[in-house]
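Novice: Okay, here's the structure, questions in a sec.
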Amino acid sequence: MKQGILGKFLIAASLVTSMALAAGGNKAPLTGAELEKSVRHEIVMYPKLTLWDDVRFRVSDGNVELSGAVNQPYKREDLQRIVQHVPGVKSVTNDVKVLPLSSFDDELRIRVARAIYYDPVLSRYAWGAVPSIHVIVENGKVTLRGSVQSDMDKNVAGMRASGAGMSFGPVVNEIHVENPAKKS
């Protein structure tokens, strides 16, 4: 009697395992826009991505090219490993730059971020897991990347970053404007 119940249990467990493997293990590789969306999702969901990092990518025929900059060496390798495991990715070229580890640059990052995100006009961009304005500092030089809603927000961010002091040279403002003003 016990063997009958145990046998039925093993058959049921085997059936459930087979169904789970068929559902999850047989995924077709993603292509085109789906692959790009999936790669973007994996990068954005990387829990150690911060406003000090700027990671960009390009997808072409299953080949992913990573670029940008991160403030810690382990992030570069983590991002490559994460992207390599996306179904449909054939290869990954990792051109992500690791910014120099520097206490001066760290202090400058914090000063610039405070100047930007404490501004009443820009404070809304601080919401979310990773704020939308990224502060990239390399050897005392500041570059702003990310996206904002208007030309005014981009300009205010540039002015606030420039006013934070300590930067070696002018602030480079590469922020993308999602709703640029119409030119007549």
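Values in this text are rule-based calculations from the coordinates and carry no lab data. Quick caveat, the model's predicted, so the values are computed rather than measured. All Cβ positions, even for glycine, are placed from backbone atoms using ideal geometry, and neighbour counts span all protein chains on display.
Novice: Considering the dipole of the stretch 32-98 built from charges on the beta carbon (Lys and Arg +1, Asp and Glu -1) around the Cα centre, which of T93, N63, L35 is farthest to its positive end?
Specialist: My answer, from the dipole projection, is T93.
Novice: Continuing with this model, one more query. From the cross-link list K154/K182; K97/K141; K90/K141; K37/K182, which pairs have alpha carbons spaced over 24 Å apart?
Specialist: Pairs exceeding the cut-off: K90/K141; K37/K182.
Novice: For G68, which sequence-distant residues (separation of 5 or more, or a different chain) have an amide H within less than 5 Å of its own amide H, given hydrogens modelled in the peptide plane?
Specialist: Counting only residues 5 or more places away or on other chains, the set is R56, K97.
Novice: Taking θ = phi - 60°, what integer Hz values does the Karplus form 6.51 cos²θ - 1.76 cosθ + 1.60 yield along the stretch 40-45, in sequence order, with x for Gly and Pro?
Specialist: With coefficients 6.51, -1.76 and 1.60, one gets 4, 4, 5, 5, 5, 7 Hz.
Novice: With a cut-off of 8 Å between alpha carbons and a minimum separation of six or more residues, what is the relative contact order of the stretch 26-99 in percent?
Specialist: It rounds to 37 percent for the stretch 26-99.
Novice: Excluding residues on the same chain fewer than 8 positions from K48, give the aspartates and glutamates whose Cα lies under 14 Å from its Cα.
Specialist: Excluding near neighbours in sequence, the set is E77, D78.
Novice: At 7 Å along the Cα-to-beta-carbon direction for both A33 and N63, put a label point, then send me their distance in nm to one decimal.
Specialist: With each label point 7 Å from Cα toward Cβ, the separation is 2.4 nm.
Novice: For the stretch 103-177, what is one quarter of the convex hull surface built on the Cα atoms, given in nm²?
Specialist: Here the figure is 4.4 nm², rounded to one decimal.
Novice: While we're on this one: Report the relative contact order of the stretch 103-177, percent, no decimals, based on alpha-carbon pairs under 8 angstrom and at least 6 residues apart.
Specialist: 34 percent.
Novice: Can I ask one more? Once you place label points 7 Å from the Cα toward the Cβ at R124 and Q80, how far apart are they in nm?
Specialist: Between R124 and Q80, the label points sit 4.0 nm apart.
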